[in-house]
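What follows is one structure encoded as structure tokens, with my remarks underneath.
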Amino acid sequence: MALPDAPLPAADQPSPIDWHARSAEATATAIGVDVASGLSDAEVAARLERHGPNRLTEAPGKPAWKRFAEQLMQPLVLVLIAAGTVTAGLGEWVDASVIFGVVVVNAVIGYWQEAKAEGALAALAKSVATPVTVRRGGQRRQIEAAGLVPGDIVVLAAGDRIPADLRLFHERELHTDDSMLTGESQPVLKHTTALPSDTPLADRRNMAYAGSTVVAGLGSGMVIATGDATETGRIADLIASAPDLVTPLTRKMITFSNWLLWAIGGLAILTFGVGLARGETAFEMFMAAVALAVGAIPEGLPAAVTVTLAIGVARMARRRAIIRHLPAVETLGSTTVICSDKTGTLTENAMTVRVLWCAGAGHAVSGHGYNPEGSISHDEMPAPIAGALRESLVAGALCNDASLGRDGQHWKITGDPTEAALLVAARKGRLDEQTLLALYPRVDELPFDATRQYMATAHRSDGETVIYVKGAIERLLPRCKDQLGADQQLLPLATATIEAAAHAYAGQGMRVLLLARVLRPSASRLDDDALHDLTLLGLVGMIDPPRKAAISAIRNCHSAGIRVKMITGDHAITALAIARQIGLSSEHALTGRELAALDDQALAKAAHEIDVFARVEPEQKLRLVRALQGLGEVVAMTGDGVNDAPALKQADIGIAMGLGGTEVAKEAAAMVLTDDNFASIEAAVEEGRGVWDNLVKFITWTLPTNFGEGLVIVAAIVFGSTLPITPLQILWINMTTAVLLGLPLAFEPIERGIMHRPPRRLAMPVLNGDLIRRIVLVSLLLLGGAFGLFLHELDQGKSLAEARTVAVNVFVMVEALYLFNCRSLTRSFWSLGLFTNLWVWGGVASMLGLQLLFTYWPPLAAVFQTAPIGWVEWGKILAVGVFSSAIIALEKHWTNARRST
């Protein structure tokens, strides 16, 4: 019979009660349940009505219409819309149609580049939607996890996914994998004893949390939180509360667009006023102002940004990095700090035996993960598998309940990772556990117990029983009387030497186990009393090892001016040991408990100075990322667990692991690594820097055209001349050249030495002083060439249509030749190789072909008011282009010479 339901926290609020600090009996009383019978059906219905289903609330996605409308809210697009609207009101339908066509094309491209709807909360909801065994009304039942309520009694067995937050009241060797929530790399042995109220989440061994899995053993627990009130739900709230950060690229484009908007608006108003003062009509001056605005706005910039980012996405995919949000490509290029989770990111997330200490000597074990390929060596020479070494491997394989098998190309384990590591080590010594079990059948066992801290198995061998034992050195060493030598001889027990070796291995972050055996008569019963006078076989040291590629990747990140910080839920000693192996220079690891005591100012100082953080909880990861961002850093956060998801979303770019990562982490991240390799981040950073370079190249190439067009309009107004180019012709120049000439720059290969530069700081503008000077120079060359030839053609008696055709072709010719100069902003295009980017040559050829149609094809001539021109005019156009190109090359050479001095 259920007890009266005590007041419980609302289902949408994290529990304010420290359930881990209460005894199981006190918890049952407070929560209102009899653990022997569970809740009644009536009580379940009442609580379900009060607390809601055991399901996470999903946030509504952004409607499609809103995503499309947001594309029209950009400042430069609004100017085009205004210009098109007024132009249509004046009856200039062709001009207005082209302007609105440009707007629609840009909006459609922007719409498709919009990031996918956030799916982190949906993935979290899936993680708790599993069948579960409960005790209700005195009977066991299987129900859907969504039907759980606070007070339900849940029965757990190996392989179960924990469906809600539980306070355990019964367990029998219950081990759970909490890595997705805490970052703990090894299964956690649970108990039911009350703990201090300030115990960190990762150390609350009397609790089982939603989303974790049972690795071994049995247990039962009371549901103390469901749905949004669970720890997983609390993380979901953190994900939802983390803002969608504006990327560095987006911030700079907004600033850049606003600057252009003010400049263009001011110039257009000035042009309108000057024209009126000279006696021109308001209509003519308005059309001139529209031509100026249309000419000065780089209509192709939004499309160019999208295409350049998309090409970066394709390149990164080939280097095993999948980008979920396009602007994240460029963000990688400006990253200054990478905050990395340890387990599964910097390490292999696979316990691996690294050393076997037998007969007074250490033996190194090579290999990676659970793949049994590897070797055992002593003093860098292959070690003979005999004597104490062989017996240690046999003991590890037989005193073992795990299994190892191949799943396609990957090796998979069942059971405890520590035991699986012993099986792998035995196979590296050419000892197969199945063969050994056939030779030495198991006849009895003593399972691992939290109190005894060891496991023993008895095996039949030649008419007697051999008992193999593995466990904690402090429990088994006092039970040993001697040790086995390399030649099978029994030697005196060297206790001091053994303890020193164990201490040294533990100091390297390894988990150290002692292996021993004892012979007993076949009739002997296996119990604790039988385990005395043991013969020590050896020590085994294991660790979740660092990825080999991560070591060189971190070194390369340091050379690129990027700091790497480890933020993990694992223990400080293990974290520091791994940090030293991968090249993080940190003498001290700051723990989550120490972090919690720091105010914001002290936290910011610690975040800057310390590179290793251990036993860190989700909110603290979030605080660390925010502290670094507050210092002006561009933060990339890597991770694979649910506990990483809030920080992944908060970071400037979140990077999830594709193979070993949870769906929650992948959905919260902007980038997913398909090979779970930290080294792929280095490749992605290189691509990100290349993307930024190519964007700057495009802007440096396109702005002189826009400014040159604007200057030509202003010059015509000031000197009282007819407009050399019409608004429609300006749109033709801007859109066709942006696609055929500008976009090939997106395919430009990465320049040498790009990873030897420091990261680009956020305060740096898109264009530096040298590039602004170059843009002004090219704009003036376009003004002189186009306006000068336009006036010259009119003086030669050519028609207005012919003179305008010459002016348009001058713009295109100068742009085409200037394109080669922009392939590198600092080096000559000759040094890059003439044919390293064939897209440039294809674009120039296509553009020249299109200009011939523009000049000579009657349908286009009728729309754009052009006229055919002769060979002499083409010669003049080419001369202007070559002259301009030579001046630009001289300016680049002078700039480089000045920099070098």
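Structure summary
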| quantity | calculated |
| --- | --- |
| Global form of segment 464-506, assessed from the alpha-carbon gyration tensor, a/c cut-off 1.5 | oblate |
| Local electrostatic count, Leu781, Cβ distance below 14 Å [Lys/Arg +1, Asp/Glu -1] | 0 |
| Rounded tilt (10° steps) of 679-718 against the dominant C-alpha axis of the chain | 20 |
| Surface/4 of the Cα convex hull for segment 504-655, nm² | 12.8 |
| Carbon and sulfur %, accessible surface of the chain computed with the full protein complex present, 1.4 Å | 60 |
| Dipole axis of the chain (+1 Lys, Arg; -1 Asp, Glu on Cβ), positive-most option in Asn349, Thr255, Ala506 | Thr255 |
| Long pairs among Lys342/Lys605; Lys621/Lys666; Lys190/Lys565; Lys428/Lys666; Lys666/Lys697, criterion Cα-Cα beyond 25 Å | Lys190/Lys565; Lys428/Lys666; Lys666/Lys697 |
| Label point distance in nm, Ala504-Gln142, each placed 7 Å from Cα along Cα→Cβ | 5.3 |
| Accessible area per residue in Å² at 1.4 Å probe, computed on the chain | 40 |
| Stokes-Einstein D in µm²/s, Kirkwood radius over Cα pairs - segment 491-542 at 10 °C with 1.306 mPa s viscosity | 125 |
| Computed [θ] at 222 nm, deg cm²/dmol, the chain (DSSP H ≥ 4; -39,500 (n - 2.57); rounded to nearest 500) | -15000 deg cm²/dmol |
| Charge dipole magnitude, Cβ of K and R +1, D and E -1 - segment 598-711, Cα centre, debye nearest 20 | 220 |
| For Leu195, distant residues with modelled amide H under 5 Å away | Ala21, Arg22 |
| Using alpha-carbon coordinates, inclination of helix 417-428 to the longest axis of the chain, degrees | 90 |
| About the Cα centre, charge dipole magnitude for the chain (Lys/Arg +1, Asp/Glu -1 at Cβ), debye | 1740 |
| For segment 252-277 and segment 597-625, distance of Cα centres in Å | 46 |
| For Glu873, net neighbour charge (Lys/Arg +1, Asp/Glu -1) across residues whose Cβ lies under 13 Å away | +1 |
| Sparse-neighbourhood loop sites, chymotrypsin sites (Phe, Trp or Tyr not before Pro) in segment 767-858 - DSSP loop, at most 16 other Cβ within 10 angstrom | Phe835 |
| Over the chain, relative contact order from alpha-carbon pairs under 8 Å, at least 6 apart, % | 13 |
| Added length on full extension, which subtracts the Cα-Cα distance from 0.36 nm per residue, Leu852 to Ser37 | 284.5 nm |
| Cβ-Cβ FRET estimate between His191 and Ile750, R0 fixed at 35 Å, reported to 0.05 | 0.05 |
| Value in Å of the Kirkwood radius, where the chain supplies the Cα pairs that are averaged | 32.0 |
| Taking segment 695-758 and dividing mean pair separation by its residue count, relative contact order in percent (alpha carbons under 8 Å, at least six apart) | 42 |
| Cα-derived Rg to Rh of segment 807-901, Kirkwood definition | 1.07 |
| Separation of the Ile772 and Ala69 label points, Cα + 7 Å toward Cβ, nm | 3.7 |
| Segment Leu490-Ala282, extension gain: residue separation times 0.36 nm, minus the distance between their alpha carbons | 63.9 nm |
| Proximal charge balance of Asn809 [Cβ under 12 Å; K/R count +1, D/E count -1] | -2 |
| 3J(HN,Hα) from dihedral phi, segment 404-409, Karplus parametrisation 6.51/-1.76/1.60, rounded to Hz, x for glycine, proline | 10, x, 9, 10, x, 8 |
| P(r), alpha carbons of segment 813-864 - 5 Å bins starting at zero, rounded % | 4, 18, 23, 18, 13, 9, 7, 6, 2 |
| Folded to 0 to 90 degrees: helix 301-318 orientation relative to the chain principal axis, Cα | 30 |
| Segment 544-649, relative contact order in percent, only Cα pairs under 8 angstrom and at least six apart counted | 25 |
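The values are calculated or read from the model by the stated rules, or taken from the named source; none is laboratory data. In this text, all values refer to a predicted model and were calculated from it rather than measured experimentally. Neighbour counts run over all protein chains shown; Cβ positions are idealised from the backbone, glycine included. For accessibility, only protein heavy atoms count, side chains too; no ligands or nucleic acids. Shrake-Rupley method; radii C 1.70, N 1.55, O 1.52, S 1.80 Å.
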